[in-house]
Amino acid sequence: MGSIRRAEAWFVKIACTISVRSNSLDPFLGYFSKHLTPALVYQVVDKLNVPNLGFKFVEFSRHRLHMHHSYFTYNLLLRSLCGSNLHSAAKLVYDWMRCDGLVPHNWLLGFLVSSYALVGRFHVSKEFLLDAQCNNVGINPVVCNDLFNILIRQNKVVDAILLFRELIRLQYRPVTHTVNILMQGLCRAGEVTEAFKLLKDFGSFGCSPDVCTYNILFHGLCRISEVDRARNLLREVCLSREFVPDVVSYTTIISGYCKLSKMQEGALLFDEMVRSGTVPNTFTFNALIDGFGKLGDMASALAMYEKMLDHGCMPDVATFTSLISGYFRVGQVNQAMEMWLKMNKKNINANLYTYSVLVSGLCNSNRLCEARDILRLLSESDIVPQPFVYNPVIDGYCKSGKVDGANKIVAEMEMNRCKPDKLTYTILIIGHCMKGSMPEAIGIFDKMLAVGCTPDEVTVNSLRSFLLKSGMPGEAIRVKEVLGQKFTFGTSSLKKPYLESTSADTPIAVY
């Protein structure tokens, strides 16, 4: 046996050498016809470990030697070809495999379906699945789940639904999680009505909805601001007693009410949630605290914060950011800074939006030095900064006539790997114009163009207006001509007061 194995090993070595060094295997047809077997083909493909060469060797053995191959050979070759992005060759190998009467098992099927979908060849993935279903393979739910998730990420939820319906017609029996994936994709695309159609058809699929199914619908309805409808659906679920809504069910709808500033409805549902025995979590409290804070009702926000502690929920960065933002909204700057200190004492690390809220709030209260200190803390952290954090301070310095200070902040901003945006440049240009530094304003405008940052109507019209007032019509014409040739105006980012367009719209992560 040892001598036979050594002889086979030598043969595999010779076959690999011939494959690497020869453009064609035809001159060795007689040699291979005497010694090559399907088992040795697998060994050659494995040892070559080069997908192209393995493909050519299998193709030669099939077409010239009329050889059928094992499942293991096809599995190895298909995975290596797809891994090297040689999907056209892999499709040929799949066809050979089917001609040999072999059907891929679920692990290989799942790999192929996902691989082709990821490279945008969904029609091939669909062919594989339909072929498997027609041959009674018994498709594992993971195979379909992975494919549907990929399609949804590619914004192809309609394709996913059509394929699902086609599989159902071929007697495919899905699990609940598969239908949930499709419903979630529909809800994210705003197609809540279609999601409800799937809910209605659950019985015909041979499975039943679960609490996750309804949570997806709650979230979908809240996304399109139909929170009352979500609330009614929750009431129906509670009355049916098929299963008990969980904390996600209640929190989703509470958060929906809070985003619509319907705090009374949100608070009532919170009380109902507690009475039902469902324990609220940090996300539940954060939604309510943020909602009350945005309305300036800090008494209710603090009362909810105390309830949070009573329930044993630990506040996080979103909790404190909402409270700090709420205090700034009602002009209680000192209380906002006290909450900031309290957050630090609890060793809760700030995120980018915490810094944004602090900087915007302090600048709005004309406390630029403190805002400057917050920026220094940001630069010392591991957080990658964004222009919207720096812009309020730059704007504050420019409006105070301290343009040199604004320039220094921009320099620090760039040192911290943060590129100025359109608003940054516009603030600087207007600031220099207000101070009469027209050459500097023109230089900033030219730099803006050089780095590929497209100005908008406010930038251009402001600069042209100052240039004309300063007796520089030639430069004003140049500005207009350059923009007319290279850029298309976008929507103005400065049509609202600065702090209204940044602080008010700063997202707070609550749920």
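The values are calculated or read from the model by the stated rules, or taken from the named source; none is laboratory data. If you're wondering where the values come from, they're calculated on a predicted model, not measured in any experiment. Backbone-built Cβ (ideal geometry, glycine too); neighbour counts: all protein chains shown.
Worth pointing out:
- Looking at L302, L309, L295, L358, just one residue is under 26 Å from T251 (Cα atoms), free of Cβ contacts under 8 Å to residues at least 40 places away in the same chain and under 31 Å from the mean Cα position of the chain (by Cα), and that residue is L295.
- Tally of residues being in contact with a helix residue (DSSP H, G or I) (Cβ under 6 Å, 6 or more places away or on another chain), among the hydrophobic types (A, V, I, L, M, F, W, C) and either exposed (fewer than 12 other Cβ atoms within 10 Å of the Cβ) or closer than 25 Å to T278 by Cα (or both) across region 192-216: 2
- With respect to (1) at pLDDT 95 or above; (2) within 20 Å of M183 (Cα to Cα); (3) surrounded by fewer than 17 Cβ atoms within 10 Å (Cβ to Cβ), the lone exception for F243 is condition (1).
- Among residues of region 276-292 being assigned to a helix (DSSP H, G or I) and either surrounded by fewer than 16 Cβ atoms within 10 Å (Cβ to Cβ) or not β-branched (V, I, T) (or both), the one that is nearest to the chain's Cα centre (by Cα) is F283.
- Every pair of residues 6+ apart whose Cβ atoms lie under 8 Å, when the first sits in region 113-126 and is buried (at least 22 other Cβ atoms within 10 Å of the Cβ) while the second is outside any helix (DSSP H, G or I): A117/Q154
- Residue in region 100-108 that is part of a helix (DSSP H, G or I), buried (at least 19 other Cβ atoms within 10 Å of the Cβ) and among the polar types (S, T, N, Q) present: no
- Candidate set from region 9-27 (those that are at pLDDT 90 or above and aliphatic (A, V, I, L, M)); member that is surrounded by the most Cβ atoms within 10 Å (Cβ to Cβ): A15
- Residue that is surrounded by the most Cβ atoms within 10 Å (Cβ to Cβ) [pool: residues in region 28-66 that are under 20 Å from S88 (Cβ atoms) and of a type in the set (F, W, Y)]: F57
- Residue match in region 400-413 (condition: under 30 Å from L449 (Cα atoms), among the charged types (D, E, K, R) and in a loop (DSSP other than H, G, I, E, B)): yes
- Test: residue in region 404-413 that is closer than 21 Å to T459 by Cα, in contact (Cβ under 8 Å) with a residue 40 or more places away in the chain, of a type in the set (A, V, I, L, M, F, W, C) and buried (at least 21 other Cβ atoms within 10 Å of the Cβ): no
- Any hit, region 414-423, residues being at pLDDT 90 or above, within 16 Å of P392 (Cβ to Cβ), assigned to a helix (DSSP H, G or I) and within 37 Å of the chain's Cα centre (by Cα): yes
- Counting the residues of region 282-312 that are within 16 Å of Y327 (Cα to Cα) and polar (S, T, N, Q) gives 2.
- Residues (surrounded by fewer than 19 Cβ atoms within 10 Å (Cβ to Cβ), assigned to a helix (DSSP H, G or I) and acidic (D, E)) located in region 372-399: D373, E380
- Flag for G431 being within 38 Å of the chain's Cα centre (by Cα) and either closer than 25 Å to V393 by Cβ or part of a helix (DSSP H, G or I) (or both): yes
- Residues satisfying the stated conditions in region 117-150, i.e. of a type outside the set (A, V, I, L, M) and either within 17 Å of R165 (Cβ to Cβ) or in contact with a Lys or Arg (Cβ under 8 Å, 6 or more places away or on another chain) (or both): F122, H123, S125, K126, E127, D131, Q133, C134, P141, C144, N145, F148
- Qualifying position, being more than 26 Å from K294 (Cβ to Cβ), touching a residue at least 12 places away in the same chain (Cβ under 8 Å) and not in a loop (DSSP other than H, G, I, E, B), among L234, L198, L221, L239: L198
- Only a single item in (1) more than 30 Å from F122 (Cα to Cα); (2) hydroxyl-bearing (S, T, Y); (3) assigned to a helix (DSSP H, G or I) is not met by Y74, and it is number (1).
- Here is the figure for region 299-354: residues that are of a type in the set (G, A, S), surrounded by fewer than 16 Cβ atoms within 10 Å (Cβ to Cβ) and not in a loop (DSSP other than H, G, I, E, B) total 2.
- All of (1) more than 31 Å from the chain's Cα centre (by Cα); (2) crowded, with 20+ Cβ neighbours inside 10 Å; (3) among the β-branched types (V, I, T) hold for V227 with one exception: (1).
- Entry remark, region 4-33: residues being of a type in the set (V, I, T) and free of Cβ contacts under 8 Å to residues at least 12 places away in the same chain number 4 in total.
- Residue selected from region 276-295 under the condition among the polar types (S, T, N, Q) and touching an Asp or Glu at 6+ places or on another chain (Cβ under 9 Å), by the criterion nearest to P245 (Cα to Cα): T278
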